[in-house]
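Take a look at the structure set out below.
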Amino acid sequence: MSDPSSTSTPQSAFNRRRMLTVALGGAAAAVTLPAPAWAVTDKRPGATKPPSLTPGDRMVAGRVSSVRALPHLWTLSEHIGPRIGGTASERRAADHIARTLDKLGYDTELQPFPVADKFLAQLSSPAGLPRDLNWQAGASPNAALDTTVRAEVVDVAAGAPENYPANVAGKIVLVDYVATEKDQLVATAVAKGAAAVVFLPADGVYPRRAQAFSPTLPTFETQPAPIPVVGVAQAQKHRLRERLADRRLVLSIATSAHRNLTSHNVLAERTGRSGAGGPVVMVSAHYDSVIGAPGANDDGSGTVLCLELARVLKSLPINATLRFALWGSEEQGLIGSRYYVAQLPQAERDRILAVYQNDMVGTSWDPATRYWLLSFTGESNRATDEVAAAATRLGYQPRISPVTQRGASDHQSFQEVGIASANFSWRGEESPALLEPPYHSPEDTIVKNISLERLQVSMELIGAATYATAR
């Protein structure tokens, strides 16, 4: 990738004219973010010219507010935290989303579907761990589960027998993770009398950072390891080693197995003037996240965009039925959206004019200066065309990518069966593969990874496109 300072539209283009400090949900600390500060007819930060808006654009762009969406984002990413598909955390998020849409007057339902078992761990310390990170990790399904271990920590680096000090009996060991050696590394720790193994992943190649994981141990499939074995994220690894280098460290590791799981899609709609059998316009996002990730941007940002557009569009005149879909278990392979599409009869699929999928629409990462139009087929369709047209009206056209081939989000589930859909996302200038360092990380928090200005622009673009289609 190029030097971020050389990008043509740097983050400094987002004019930080005022700061927003919001105390949310009884949080102990306030969230301070740059707040959008432009009128509906103003030139947007980073835009090339003032907007030329239709009356419909004005009705949407003049009402949507990323500031109003922030309390929802706090509830999802800070209060609930990681929302792991099929677990109680994901269900709490689904219930919050459904309650919000119910109160807005939409016909709302939860669509259940089965998902695989999950194995999680929670790290804590009597002395406290850094609060700017989430401390959820993955637990091995082939080791001790539903148990808690509290012990002093020892770093044994590569984890070979010669790396161990004289006595680690009863202690938690930090071990560098090597996939081809993982079973032997655990066997060594067990033989040495360790109380638990914390696997530390190799650092990712910038800007990627390794995420938390649930280590599988084939050797221990029939007879699980007698101690907990967990996999932490890169950010957690560095903090643990920094703490241990500075002082004695005692950790508590609580592992848990979550079995026989049900995940949910949250579906909400408002019937337009064309009636119950008329065309449908969908706005969607996934609301789950990966292990250890609070998911503020991925995809809390897309989720709250949907909630804010639902608020604004609930009373505007529309011909088509407007349907919001918040997908469960996207991170496990688009499970929620694929289940939804599989249940749709062909006649219902044919009603859908466009699906606007929003995934990672609010990052504050400086190099994420391009708003990407991502199509699974690589071809344009009604969704990409409407957003591109909205971008032109808002003065943003040069910041929008050409239609670019890429799957790996829920638009793919629709395009696989011929429904017009696309994914919309802020990413690096040169490639949609350039995702921010907090991606899938314990650092995907509001403070570290959210720009209310980018989220506001996303809301205006998708809102204008959706309303133009639905009218």
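Across Y164, Y206, Y356, the residue with the most accessible area heads the list, and the full order at a 1.4 Å probe is Y206, Y164, Y356.
Working ranking of peptides 38-45, 242-249 by packing, defined as the average number of other Cβ atoms within 10 Å per residue, highest first, is 38-45, 242-249.
For segment 116-207, the set of chymotrypsin sites (Phe, Trp or Tyr not before Pro) satisfying both a DSSP loop assignment and a count of at most 15 other C-beta atoms within 10 Å is empty.
Listed by chain and number, the lysines placed with their C-alpha closer than 19 angstrom to that of K448 are K237; residues fewer than eight positions away on the same chain are left out. The stretch between R247 and E109, if pulled fully straight at 0.36 nm per residue, gains 44.6 nm over its current Cα-Cα span. Taking the centroid of alpha carbons for each part, segment 143-215 and segment 352-410 are 42 Å apart. Going out from 0 in 10 Å bins, what whole percent of all Cα-Cα distances in segment 29-152 drops into each bin? Percent of Cα pairs in each bin: 9, 25, 26, 22, 12, 5, 0. Considering the chain at the alpha-carbon level, its Rg and Dmax are found to be 23.2, 77 Å. Under the convention that each Lys and Arg Cβ holds +1 and each Asp and Glu Cβ holds -1, the size of the dipole of the chain around its Cα centre is about 1320 debye. Here the contact order of segment 100-152, divided by its residue count and restricted to Cα pairs under 8 Å and six or more residues apart, works out to 28 percent. Each peptide in 318-331, 211-224, 448-461 gets a packing score, the mean of other Cβ atoms within 10 Å over its residues, and the list from highest to lowest is 448-461, 318-331, 211-224.
Report summary: the helix-based calculation at 222 nm, which adds -39500 (n - 2.57) for every DSSP H run with n ≥ 4 and divides by the residues of the chain, gives -7500 deg cm²/dmol.
Using Cα pairs under 8 angstrom and six or more residues apart, how large is the relative contact order of segment 370-453, in percent?
Values: 109 pairs, mean separation 30.4, N = 84.
Answer for segment 370-453 is 36 percent.
Under 14 Å from the 7 Å Cα→Cβ point of A158, by amide nitrogen: which residues of segment 183-205? In segment 183-205, the label zone of A158 (backbone N under 14 Å from the point 7 Å along Cα→Cβ) covers 185. Seen from all directions on average, segment 232-373 presents a Cα convex hull projection of 12.5 nm².
What do you get for Rg/Rh of segment 330-424 when both radii come from the Cα atoms and Rh is the Kirkwood radius? Rounded to two decimals, Rg over Rh is 0.99. When only Cα pairs below 8 angstrom with a gap of at least 6 residues are kept, the chain shows a relative contact order of 22 percent.
Between A88 and V40, the modelled labels are 4.5 nm apart [label points 7 Å from Cα along Cα→Cβ]. Excluding ligands, DNA and RNA, the accessible surface per residue across the chain is 37 Å² with a 1.4 Å probe.
Surface composition of the chain: carbon plus sulfur atoms contribute 49% of the solvent-accessible area (1.4 Å probe, protein chains only, all chains present).
The values are calculated or read from the model by the stated rules, or taken from the named source; none is laboratory data. The model shown is predicted, which means the values in this text are computed figures rather than measured ones. Cβ coordinates were reconstructed from backbone atoms using ideal geometry, including for glycine residues, and neighbour counts include every protein chain displayed. The protein model used for the area step is the full one, side chains on, heavy atoms only, and it has no ligands, DNA or RNA in it. Shrake-Rupley method; radii C 1.70, N 1.55, O 1.52, S 1.80 Å.
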